[in-house]
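Working notes, structure below.
The values are calculated or read from the model by the stated rules, or taken from the named source; none is laboratory data. Computed from a predicted model, the values in this text were never measured in an experiment. Cβ placement follows ideal geometry from the backbone for every residue including glycine, while neighbour counts extend to all protein chains displayed.
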Amino acid sequence: MNLNVERLGWADAERLIAFYKSIPERQFFKPCGEQMSREEAERIINEPKRDDVVVAEEQQIVGWGFLRRTDRCKAKELSLGIAVHPGFRRKGIADSLMKSLVALARNVHRLESLRLIVVQDNIPALALYRKHGFELFDSFILNGEVLDSLTLTVERYFAMRKDLCA
């Protein structure tokens, strides 16, 4: 599989909606609720305070990652999110999205840290984030679910991943 990570563009609204519908609720914190409308997809694509990247296979989005500012973020910090279509997991897509997003955080935004929220029992996601150096920062309850907030300092990530510094 070709793992080209590309920026989400203005013409990608329908592909983003189809991808969003394909992800089970328990495996991705869905910021738009169960369904994403055309207006919500366009708002995401056009929002100036975020960066969205995707991996596509034959015009279908199979992986989506984003950086965005949230109320929980400090001044030099953004929130990171990653989701991979269930039929395309364990193919390196999440790793490719993570590398791309951390590079954006460091080289474009000059950030010091990243934060993400993950459902506490999403073991594969927790393993991925810990592999990339994220550490538990906080746990909280939202809508009856225990969520973990993890953080990563950008420099720690690049110290761990010498292959990305070349």
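Listed by first and then second residue, the pairs with beta-carbon distance under 9 Å, at least 6 apart or on different chains, first residue in segment 89-108 and of a type in the set (Asp, Glu), second in a helix (DSSP H, G or I) and surrounded by fewer than 15 Cβ atoms within 10 Å (Cβ to Cβ), are Asp95/Lys131.
Listed here are the residues, each with its yes/no results for (1) assigned to a loop (DSSP other than H, G, I, E, B); (2) at pLDDT below 85.
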position	(1), (2)
Asp95	no, no
Ser100	no, no
Arg115	no, yes
Ala127	no, no
Leu136	no, yes
Ile141	no, yes
Leu150	no, yes
Ala166	yes, yes
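This table checks each residue for (1) among the charged types (D, E, K, R); (2) at pLDDT 85 or above; (3) under 19 Å from Ser113 (Cα atoms); (4) part of a helix (DSSP H, G or I).
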| residue | (1), (2), (3), (4) |
| --- | --- |
| Ile17 | no, yes, no, yes |
| Phe29 | no, no, no, no |
| Ala41 | no, yes, no, yes |
| Asp51 | yes, yes, yes, no |
| Arg72 | yes, no, yes, no |
| Ala75 | no, no, yes, no |
| Leu80 | no, no, yes, no |
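Considering segment 87-111, and only residues there that are in contact with a helix residue (DSSP H, G or I) (Cβ under 7 Å, 6 or more places away or on another chain) and closer than 17 Å to Lys49 by Cβ, the residue that is surrounded by the fewest Cβ atoms within 10 Å (Cβ to Cβ) turns out to be Leu111.
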